[in-house]
1. Return an integer: the convex hull volume of the alpha-carbon atoms of the range 249-388, in Å³ per residue.
2. With a sphere of radius 13 Å drawn around the Cβ of Tyr107, what net charge do the other residues whose Cβ falls strictly inside it have (Lys, Arg +1; Asp, Glu -1)?
3. How long are the semi-axes of the ellipsoid equivalent to the range 316-377, from square roots of 5 times the Cα gyration tensor eigenvalues, in whole Å, largest first?
4. Between the DSSP loop rule and a limit of at most 16 other Cβ atoms within 10 Å, which trypsin sites (Lys or Arg not before Pro) in the range 254-351 are left?
Amino acid sequence: MPSTPTAVRPVPPAPGSLGAAVRSPIVTLRWLWSAYMTPGRPGRSTTEQELRWIYTAWLGAFLLKMLGSSWDVSWHFRWLRDDLAPPHLLNSAGTAVVVALVVFHSYTGYGVDRRALRLMQVGIATFLVAVPVDILNHRINGLDITSWSPSHALLYIGTAIMLAGAIRGWWLYAAPGRVRDLVSLGLWLFFVENVVFPNQHQEYGVLSLQAVTERGEYYAEAELLDFAVAQSSTGDYGAAVEQFMLPVPSWVHPAWLICAGLLSLVVARMMVGLRFTATAIVGVYLAYRAVMWVALDAMGFPPSVLPLVMLVGALCIDVAITYGLPGWLAAPVTALAVYGAGLVQDAADLLPPWNWTWWSIALVVAGFTALWSAVDATARSAWLAGWRCPAEPGAPALETPVAVGGASLR
C-alpha cells in the first residue's frame, strides 16, 4: 500500500516592505521561520539580499553590545556592580541576538562556510562560558573593579572570535561593491572597539583621579569607594582610590593600543582593501566615543579621555600599506609617530599615564614590528591561500555557486 505523501507546509507571504515587516513583527517572524528555518549545511546557496539581511542583523547585535559595554565602563566608575544594571541588560540584548544568529547559521547553513561557522560557535560558547565565570568571580572575590581581569578577558576573546567568524562569512560571500565595503568596515569597527576596550579603564580612571586630586570631587559613590578601599592591600585611602582608578602599570595602555589595537587595523586594512580603511574605522570610533562622552556626561556619568593618538597610527598604516611598505619598515615609524602624538596629548592632560622610559618604548616598537612582520609573512603564505578558499560541505552541486568575495590582503 503506497504511503500517503507528506503535506508541504505553506509558507506565509513575505511582507511587502520593510515598513510592513516592522509594523507586523509576528507575521514577519512567522514568514522568516517558515521560509528560512530549514536544515542545511554551511555553504548553502544564499542570495545577496538574504546576505544583507543576515549581516545587518549582526551589525545591529554588535551595536547593542557596544552601546551596553560603553555605558558599562562609565557606570562602574560611579556605582557598585549590579548584574541587572541597565548597561548589562543592553549588552545582554545584543548577546541574545548573536546567539539567535549563530543558531540560525548552524541549523540552516546560510551565509557561512564551515570555518566561519566554527568561529561563530566557538566565540559565542567562550562568551557564554565567561559570563557565569565572571559572576562567580564576583561572588567569590568581591567586586572586580578592573577591565584587566581573566574573567573579563574571556568575554573579549569570545567576542573577538565570533566577530572573526562574521567577518569571514561576509568577506567570502558578499558581492564586491559599496555595500560589501560598508558592512566590512562596520564589522571591523566592532572588532577594533572590542580589542581596545580594556584601555577604557585607564581612559576613564585618569579623569576620575584628576577630579579627586585637583577639585576634591568624587564621581564614584561613597559605597563604591569604600569597597575599593576594603579590597585594597593598603590601608591608605588615597592610594586605594588611585589603585581603583588606574589599576595597571603605565606601560600597559600604549603597549596594548599599539600592539593590539593598531595591529587589528593593519589586518583590517589588508582585508578590506580600501585606501583609508584604518583611518575611517578609527575616525568613526572616536566620533562614537565623543558622542557617548557627551551623552553619558549629560546623564551624570563620569567622562573619559579619547585615544586620539590612534588616528595618527591609523593614517600611518593606511599610507604604508597603500605604498607597499613592508612591516619591518612601517611598524617602527608608525609606533614612534603614535608616541610623538602621545606627547602632545599628554601635554594637554588628556592621556592616561604612559611609560616614557626608552626601554619601554623600545620594547613596544620592537613588539609591534615583529607582529606586523608576522602579518606580512602570513599574507604571503600558502596557508592563507588555502584559508581563503571556502569550506562548503553544503554547497549545491547542480546549482551555480554563490560568487565568492574577498578583497586582496594587500
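1. Numbers: hull volume 16.9 nm³, N = 140.
Considering the Cα atoms of the range 249-388, their hull volume per residue is 121 Å³.
2. Details: positive: Arg41, Arg44; negative: none.
Taking every Cβ under 13 Å from that of Tyr107, the sum is +2.
3. Working: eigenvalues 114, 39, 11 Å².
With the √(5λ) rule applied to the range 316-377, the semi-axes are 24, 14, 7 Å.
4. Details: sites: Arg269, Arg275, Arg289; in loops: Arg275.
Answer in residue order: Arg275.
Here, each number is a calculation from the coordinates, and none is a lab measurement. The structure presented is a predicted model; accordingly, all values stated were derived computationally and were not measured. Every residue, glycine as well, gets a Cβ built from its backbone with ideal geometry; the counts of neighbours run over all protein chains shown.
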